[in-house]
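Let me begin by presenting the structure, written as structure tokens, before commenting on it.
The values are calculated or read from the model by the stated rules, or taken from the named source; none is laboratory data. Keep in mind that this is a model prediction, so the values were computed, not measured. Here the Cβ positions follow ideal geometry from the backbone for every residue, glycine too, while neighbour counts run over all protein chains shown.
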């Protein structure tokens, strides 16, 4: 499809990184600088938007207590903006394809013959542990890791997340609200004594690291947004870090 | 420990991203700009080093046919440079803690009371699929993914990688040399008809995408470096992409 400027339409689907505004890529900054429109979700830090000073900014994330846009409404906004502007950027926290529903937006635009160019971001699933100094893999300790959503669609009749993951390290995103249920499920397959930790507000100034085990981490005082990490790499981290840890 | 400039020593452990020199973070660029020394592995693209124009560059990666540095030698170089310079950057492809042996380097420096500050990078395990437009998660198709090394230390008597991963998407790094053995192991737990694809030279100009199934992908013409992705998200990608695919 051809846009207002007579060119093939392309929408940029861009990852903003895990929170710290400096953890965005050079490539993302370059498309933000030429953006006419930026359609963005709740970002950990809106300072990122300063890279698009002349763009129209459209917020489509959740707002406490207010109606927020459904995925259908967001898809419609994307279509309209793509048809009426030269450079449209769809900006998402982390990486656009790690639980970002980016794939659904690509499929919507594809149906109207609009191409998407995707620019990866540092996913919080890895970027947050790395920033605090927690290695998700470590020679002799972890040769694999699994990333899973802790917040499965509650309307699903059959749960897709089974918690029987055999990877050495398990990283759970968006799961603090259901941490009790999730850790109980995991304990069906994994020793309750397995080291675990929660990183709250990762990469941001109010970052907090809470240490425990799979068996007791759910009883700790934890606030969203936070990431749960389960596995022996948590013990390696303990040995490595100079950070203040909460027990 | 105190360095030459009379300050607490800090070594920066920095992820360079998956290959495309623009997929480096702003934070990484900022420490490269002030670096006195950059100690780097084989990078997918050395253009990244242009951000450190005044630094001494020390290559510690592999060179075809030549002796390369052991991890002990690299650790020794890190220690020496940390003691004799103000700003030392240890630069690794992708993210420093995703199969990068970053943890071992942190532990070495820690023993000498040298702190490490870690700066995450876009890991190729996610950044490469996202760049070609392949979503590693997708609503209703994949709520979890596992990243695993395909090249386990051959000297190990007991293999740690078991290939019984239950996550919806499996991403195998550095596994092209052993793709036949690895896919055979995976077929013990997963249908040979499961969609699979290989992305060669991801994010670089000679990128190539080879499509198949878990059962037949090992018979295709594939060259390293490449990433193997197994799971139904490969079918979602087929529906979404405008890229040239090789069958």
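The number of residues in the stretch A:112-141 that are assigned to a strand (DSSP E or B) and either at the interface with chain B (Cβ under 7 Å from one of its Cβ atoms) or surrounded by 24 or more Cβ atoms within 10 Å (Cβ to Cβ) (or both) comes to 5. State whether the residues of the stretch B:142-154 include one that is farther than 21 Å from residue B:232 by Cα, in contact with a helix residue (DSSP H, G or I) (Cβ under 9 Å, 6 or more places away or on another chain), more than 8 Å from chain A (Cβ to nearest Cβ) and assigned to a loop (DSSP other than H, G, I, E, B). Taking every residue of the stretch B:142-154 in turn, at least one turns out to be farther than 21 Å from residue B:232 by Cα, in contact with a helix residue (DSSP H, G or I) (Cβ under 9 Å, 6 or more places away or on another chain), more than 8 Å from chain A (Cβ to nearest Cβ) and assigned to a loop (DSSP other than H, G, I, E, B). Residues in the stretch A:209-231 include none that are more than 16 Å from the chain's Cα centre (by Cα), under 25 Å from residue A:103 (Cβ atoms) and modelled with pLDDT of 95 or more. The combined condition, being modelled with pLDDT under 95, within 16 Å of residue A:15 (Cα to Cα), more than 9 Å from every other protein chain (Cβ to nearest Cβ) and out of contact with any helix residue (DSSP H, G or I) (no Cβ under 6 Å at 6 or more places or on another chain), is fulfilled by residue A:43. Looking across the stretch A:204-229, the residues that are in contact with a strand residue (DSSP E or B) (Cβ under 8 Å, 6 or more places away or on another chain), under 24 Å from residue B:119 (Cβ atoms) and outside any strand (DSSP E or B) come down to A:206, A:207, A:225. Do we have residue B:178 as modelled with pLDDT under 95, away from chain A (no Cβ under 12 Å) and either part of a strand (DSSP E or B) or more than 23 Å from residue B:23 (Cβ to Cβ) (or both) here? Criteria met by residue B:178.
Considering (1) in a loop (DSSP other than H, G, I, E, B); (2) within 13 Å of chain A (Cβ to nearest Cβ); (3) touching a strand residue (DSSP E or B) at 6+ places or on another chain (Cβ under 6 Å), the lone condition that residue B:190 does not fulfil carries the number (3). Only residues that are more than 8 Å from chain B (Cβ to nearest Cβ) and in a loop (DSSP other than H, G, I, E, B) were counted in the stretch A:90-99, giving 1. Residues that are more than 11 Å from chain B (Cβ to nearest Cβ) and within 16 Å of residue A:79 (Cα to Cα) within the stretch A:6-25 comprise A:7, A:9, A:11, A:12, listed in sequence order.
Within the stretch B:1-29, the residues that satisfy the criterion of being surrounded by fewer than 24 Cβ atoms within 10 Å (Cβ to Cβ) and in a loop (DSSP other than H, G, I, E, B) are B:1, B:3, B:4, B:5, B:6, B:7, B:9, B:21, B:22. For the stretch A:30-50, the candidate set comprises residues that are within 21 Å of the chain's Cα centre (by Cα) and farther than 22 Å from residue A:106 by Cβ; within that set, the residue that is surrounded by the fewest Cβ atoms within 10 Å (Cβ to Cβ) is A:50.
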